[in-house]
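Rule-based calculations on the coordinates, nothing more; no lab input. The structure displayed is predicted, hence computed values, not measured ones. Note that we place each Cβ from the backbone using ideal geometry, even for glycine, and neighbour counts take in every protein chain shown.
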Amino acid sequence: MRKTLFWENGGLMLLDQTALPSREVYIRAESCERVAAAIKNMEVRGAPAIGLAAAYGFALGALSFVGAGPEWREHMKTVARVLSETRPTAVNLFWALRRMENKLHALHAEYDVTEPAPEVRAAFAAALLAEAEQMAVEDERDNRLLGAAGAALVPENAAILTHCNAGALATGAYGTALGVVRAAREAGKNPRIYACETRPCLQGARLTAWELWRENIPVTLITDGMAAYLMRQGKIDLVLVGADRIAANGDIANKIGTYALAVLAQAHSIPFYAAAPTSTVDLRAGSGDDIPVEERDGDEVRRLAGVQIAPPEVSVYNPSFDITPVKYITGLITEKGALSPPSAAALLKLIS
Ligand code: MRU
């Protein structure tokens, strides 16, 4: 599969996820503002991919600076702010920006300058770009590691229910929940996927179904309301999703509809796993109550693929994510291993 995002000749190439599956086209972002817009309107989406895009956006912000020396620090603060004000729930965005800001502080200290001259700024921008590239390398490495850790939990010939898209499209490569699926397949376990379509933006139908179908991984698309019936029929062996933020107690934020699946899974004695890199863990959030949940435009619900499906005036509530309490989670799968069951103490030990 072609990469979700990559650097090419001074610009960030982003596979336009709003155009899939009808058109496979790339957007070229040459400014941090364009990257911020792409994150906001979901041309790039999925927690790790948002983080990587922001890291490249930060490097683009450094590259584009043309002002006088003293304005440099203010400019870079604005770059970080513009990128951070895009989507509030996926903590990977803030994690990535913090890492880039730390790199910038280290460069200031290394060169011992506060108002870098143009040639020094060029060296800073190159070093920031190298940091973003390194994050992309680590992202794929971690996804493969968590894939292997998760594959050990997947029985032979398992029917796996997933929600939204936690695949290669949502990361730099390989995917988290779908990374586990890929690893299980590579281990000869023959997994089959049921993908919830994932209203309102249809990431399951448009992205997960496309991504798996392209690799000949057996996938069956269902509407979100069908999950309970499939579980009742014994068609689902486990539920496997990604996460946008994991609180210190193990609660997770993920795409709206995830919580319902977790409750249903417990009611049918089906294991429910969330797969995410440890960069998704936010120890500042004590529980899911501390995680900000993005609310998006009501037209995402009133309209479908450009067609008006509800009165334009009708009131809509459109939270983009929900919180799944840890008591419904059988296990968390990370690049450092799986926690089953998850607990605050085990999570803290894992990431420190
Ligand atoms: O609104 P989106 O498409 O960015 O939401 C994505 C999800 O909820 C994913 O499940 C999550 O980011 C994990 S991606 C590896």
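Observations on the model:
- Cα gyration tensor, region 1-148 - rounded (a/c under 1.5), prolate or oblate: prolate
- Tensor-based shape of region 150-351 (alpha-carbon gyration tensor, a/c under 1.5 rounded, otherwise prolate or oblate): oblate
- The distance separating the Cα centre of region 107-147 from that of region 185-217 comes to 34 Å.
- Cα→Cβ-extended label distance, 7 Å offset, between A68 and E138, nm: 3.7 nm
- Cα centroid of region 46-77 to Cα centroid of region 291-329, whole Å: 30 Å
- Measuring how big the chain is from its alpha-carbon positions, Rg and Dmax come out at 20.3, 68 Å.
- Tensor-based shape of region 247-297 (alpha-carbon gyration tensor, a/c under 1.5 rounded, otherwise prolate or oblate): oblate
- Lysines with Cα under 25 Å of K327, excluding same-chain neighbours fewer than 8 positions away: K235, K255, K336, K349
- Antiparallel DSSP beta bridges within region 150-351, percent to nearest 5: 40 percent
- Sequence-distant residues sharing a close amide H with V219 (under 5 Å, placed H): I193
- Among V35, V44, V293, the residue with the largest mean-square fluctuation in a Gaussian network model of the chain, with springs joining Cα atoms closer than 10 Å, is V293.
- Using the rule -39500 (n - 2.57) for each DSSP H run of four or more residues, divided by the residues of the chain, the 222 nm mean residue ellipticity is -12500 deg cm²/dmol.
- Whole-Hz couplings from phi, Karplus 6.51/-1.76/1.60, listed for region 267-284; x for Gly and Pro: 4, 10, 6, 10, x, 10, 10, 10, 10, 7, x, 5, 5, 8, 7, 10, 5, 6
- Counted residue by residue at 0.36 nm each, then reduced by the alpha carbon distance between them, the extension gain from D297 to E119 reaches 59.7 nm.
- The residues D297, D237, D139, when put in order of fewest to most other Cβ atoms within 10 Å, stand as D297, D237, D139.
- Derived scalar couplings ³J(HN,Hα) [region 167-178; Karplus, 6.51 cos²θ - 1.76 cosθ + 1.60; whole Hz; x for Gly, Pro]: x, 4, 5, 9, 9, x, 5, 6, x, 9, 4, 6
- Ranked list, fewest to most other Cβ atoms within 10 Å of each Cβ, for T334, T223, T18, T176: T223, T18, T334, T176
- Lysines whose Cα lies under 17 Å from that of K77, excluding same-chain neighbours fewer than 8 positions away: K103
- Computed over the chain, relative contact order equals 16 percent, with contacts defined as Cα pairs under 8 Å that lie 6+ residues apart.
- If you run the Gaussian network model on the chain, springs between alpha carbon atoms under 10 Å, then out of T220, T324, T162 the most flexible one is T220.
- Our note on the geometry: Cα centres of region 162-179 and region 3-44, 17 Å apart.
- Most mobile listed residue (S22, S320, S340) in the chain, GNM with C-alpha springs under 10 Å: S22
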